[in-house]
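Enquirer: Take a look at this one; I'll ask things after.
The values are calculated or read from the model by the stated rules, or taken from the named source; none is laboratory data. The shown structure was predicted, so the numbers you read here are calculated from the model rather than taken from an experiment. When we count neighbours, we look across all protein chains shown, and the Cβ atoms used for this are built from the backbone with ideal geometry, even at glycine. We work out accessible area using only protein heavy atoms, side chains counted, and drop any ligands, DNA or RNA first. Shrake-Rupley method; radii C 1.70, N 1.55, O 1.52, S 1.80 Å.
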Amino acid sequence: MKQILCTVLLLCTTAIYAQKSYRFDFTGTPSKGYIGVEATQAYNDTLGYGFDLDQFPSADGKSPFFFSVKVPDGNYKVTVKLGSAISEGETTVRAESRRLFIERQKTKAGKYVKESFIVNKRDTCISDTERVRINAREKNKFNWDDKLTLEFNGPAPRVAEVVIEPTTKPITVFLCGNSTVVDQDNEPWGSWGQMIPRFFTDKVAIANYAESGRAANTFLAERRFDKALTQMKSGDYVFVEFGHNDEKQKGAGKGPWTSFYTSLKEYIVKTREKGATIVFVTPTQRRSFGEDGKIEDTHGEFPVAMRKLAEEEGVPVIELNGMTKILYETLGVENSRRAFVQYPANTFPGQTEALEDNTHFNPYGAYQIAQCVLQGIKDNKLGLARYIKDFKGYDPAHPDAIETFVWDLSPFTEIEKPEGN
């Protein structure tokens, strides 16, 4: 697995190695100005680039592979030239922890397609003496290491060139949340935060800081938001979705109108100090059907508190709580299982027992909820909406047909459920 950049031997500063551009050619006959990369070139830390995670381009051209480049923190414009001189291709491109950018781009033999997108890269460094307090499971997460990793997947992944350029131009959207938002590394888990990059042009970077099991106050306490603030600039956005784990906190000062309320206010104040726009996202519903076939709300007054503070402070609200209720009820009691991590035993390697999760989404469910968020962006008339692509609108009462949804499985699976429920 990938290793984390910040160790006791390194200072938290981009002076360790400067941002620079890379131009890679995978065709075997690189053009001038490009670095030629052989199909057997494994990543090593000295070279600073190569095929990673023991996943190389296969002889039959049908297997997924990963390519990593060692880079410091920041946003990077990635331009991929997809296709092959000798064969047809159908390529899906994801980055870091399965952030989706390109879906099954088809190319004919001898024809190429170029597409660009923005990948946000980060590590745990806040300052020379401060770190984000990540948990044990995160130490091997692709989001927190010193590499930008690209995943080329699909029925016939074909890539001719990759250009990686540092950029400060894009609007950055920082996502603060829990396991319903986080970039899930492994199959069969998915969250809306890792699907939504696919719908933005290269004018926008999605920086998903969410982590499983976090509440509004613990996210702050672990310095996750402090890290985001070091990267934030005027014109950026902060999307905040909490509630699932906050409602489980007990004791003095805990509750929707105390710790939750005051923590949300801290996000507002600090975001606005940076000149950025804050947006509240009410928590997704759990798959909790009553006998009448309707969703029973499990979040109590947490969404109410979020709306009340938003009204007081003039914060836009994306009503994911209401939209997911409509979505699950439309799918129905049984069919909605197919939007969550619910699979019979032996569906995935090492899975000896059935997976029965009513909180965490699979890729289909995550993709639907990402579209709910996009619709919320449009409904709130956020300036960000002008950079949405390939999206005609979404009505949760008319979700995408499950039968037509296609997801190219990554080669890594995890049976252990994320923190939180």
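Enquirer: Could you work out which residue, out of 398, 360, 299, moves most in a Gaussian network model of the chain, that is, has the largest mean-square fluctuation with Cα springs under 10 Å?
Expert: 398
Enquirer: Suppose R0 equals 41 Å. What FRET efficiency, 1/(1 + (r/R0)^6) with r the Cβ-Cβ distance, do residue 248 and residue 346 give to the nearest 0.05? Working shown, then result.
Expert: On the way: r = 32 Å, r/R0 = 0.78.
That gives a FRET efficiency of 0.80.
Enquirer: Multiply the residue gap between residue 291 and residue 221 by 0.36 nm, knock off their C-alpha separation, and tell me the result in nm, one decimal place. Don't skip to the end; give the middle numbers.
Expert: Working: separation 70, 0.36 × 70 = 25.20 nm, distance 3.97 nm.
So the chain would gain 21.2 nm between residue 291 and residue 221.
Enquirer: When only Cα pairs under 8 Å and 6 or more residues apart are kept, what is the percent relative contact order across the chain?
Expert: 15
Enquirer: Karplus couplings for the stretch 297-302 from phi (6.51 cos²θ - 1.76 cosθ + 1.60, θ = phi - 60°), rounded to Hz, Gly and Pro as x?
Expert: Taking θ as phi minus 60°, the curve returns 5, 10, 9, x, 8, 5 Hz for the stretch 297-302.
Enquirer: Another one. What's log10 of I(q)/I(0) for the chain at q = 0.11 Å⁻¹, Debye sum over Cα points only, no solvent?
Expert: So the normalised log intensities work out to -0.82.
Enquirer: To the nearest 20 debye, what charge dipole does the stretch 202-340 have about its Cα centre, counting +1 at the Cβ of each Lys and Arg and -1 at the Cβ of each Asp and Glu?
Expert: Values: 21 positive and 21 negative charges, 91 e Å.
Computed about the Cα centre, the dipole is about 440 debye.
Enquirer: First check a/c for the stretch 124-225, with a ≥ b ≥ c the square roots of the eigenvalues of its C-alpha gyration tensor; if it is under 1.5, answer rounded, and if not, answer prolate when a/b is larger than b/c or oblate otherwise.
Expert: On the way: a/c = 1.70, a/b = 1.44, b/c = 1.17.
Verdict is prolate for the stretch 124-225.
Enquirer: Give me, ordered by chain and number, the residues 5 or more places off residue 50 or on other chains with an amide H under 5 Å from its own placed amide H.
Expert: So residue 50 has HN proximity to 68.
Enquirer: Extension gain residue 130-residue 416, at 0.36 nm per residue separation less the Cα-Cα distance, in nm?
Expert: Numbers: separation 286, 0.36 × 286 = 102.96 nm, distance 3.00 nm.
Net length gain for the segment: 100.0 nm.
Enquirer: So, R0 is 30 Å and r is the distance between the beta-carbons of residue 86 and residue 404; what FRET efficiency does that work out to, to 0.05? Please report the intermediate quantities before stating the final value.
Expert: Details: r = 31 Å, r/R0 = 1.03.
The computed FRET efficiency comes out at 0.45.
Enquirer: Taking the chain as a Gaussian network, Cα atoms linked when under 10 Å apart, which of 188, 363, 344 shows the biggest mean-square fluctuation?
Expert: 344
Enquirer: Accessible area per residue of the stretch 343-421 at 1.4 Å probe, in Å²? Write out the running numbers ahead of the final one.
Expert: On the way: 3950 Å² over 79 residues.
Counting only protein heavy atoms, the per-residue value for the stretch 343-421 is 50 Å².
Enquirer: Hey, another quick one. How big is the dipole moment of the stretch 212-267 about its Cα centre under a simple scheme where the beta carbon of each Lys and Arg is +1, that of each Asp and Glu is -1, and everything else is neutral? Debye, nearest 20, please.
Expert: On the way: 9 positive and 7 negative charges, 30 e Å.
In total the dipole reaches around 140 debye.
Enquirer: Pulled fully out, how much extra length does the chain show between residue 397 and residue 308, if you take 0.36 nm times their separation in residues and subtract their Cα-Cα distance? The partial results should precede the final answer.
Expert: Working: separation 89, 0.36 × 89 = 32.04 nm, distance 2.63 nm.
Gain on extension, residue 397 to residue 308, equals 29.4 nm.
Enquirer: Report, by chain and number, residues whose modeled amide H sits under 5 Å from the one on residue 249, excluding near sequence neighbours (fewer than 5 apart, same chain).
Expert: Amide H neighbours of residue 249, under 5 Å, 5+ apart: none.
Enquirer: What lysines sit close enough to residue 294 to cross-link, taking a C-alpha to C-alpha distance under 26 Å and skipping anything fewer than 8 places away on the same chain?
Expert: Leaving aside lysines fewer than 8 places away in the same chain, those within reach of residue 294 are 248, 308, 325, 417.
Enquirer: Separate question: Using label points projected 7 Å from each Cα along Cα→Cβ, tell me how many nm separate residue 330 and residue 272, to one decimal.
Expert: 3.5
Enquirer: Step through the residues of the stretch 20-36 one at a time and calculate ³J(HN,Hα) from phi using the Karplus curve (6.51 cos²θ - 1.76 cosθ + 1.60, θ = phi - 60°), rounding each to whole Hz and writing x for Gly and Pro.
Expert: So the Karplus estimates, Gly and Pro as x, are 8, 8, 10, 10, 10, 10, 10, 7, x, 10, x, 6, 4, x, 9, 8, x Hz.
Enquirer: Using only Cα atoms, find the angle between the long axis of helix 320-331 and the longest principal axis of the chain, and express it within 0 to 90 degrees, rounded to the nearest 10.
Expert: Its long axis makes an angle of about 80 degrees.
Enquirer: What are the residues whose amide H is under 5 Å from the amide H of residue 159, where those residues sit 5 or more places off or on another chain and H is modelled from the backbone?
Expert: Distant-sequence amide H within range of residue 159: 83.
Enquirer: Quick one: pull the percent of accessible area on the stretch 193-302 belonging to carbon and sulfur, 1.4 Å probe, ligands and nucleic acids left out.
Expert: Details: 1880 of 3810 Å².
Its accessible area is 50 percent carbon and sulfur atoms.
Enquirer: Can you spot the lysines whose alpha carbon is less than 17 Å from residue 169's alpha carbon? Ignore those fewer than 8 places along the same chain.
Expert: Of all the lysines, those that pass the test against residue 169 - Cα under 17 Å, at least 8 places apart if same chain - are 20, 77, 121, 203, 233, 274.
Enquirer: ³J(HN,Hα) across the stretch 179-190 via Karplus (A = 6.51, B = -1.76, C = 1.60, θ = phi - 60°), whole Hz, x for Gly/Pro?
Expert: 5, 7, 10, 4, 5, 7, 6, 10, 5, x, 7, x
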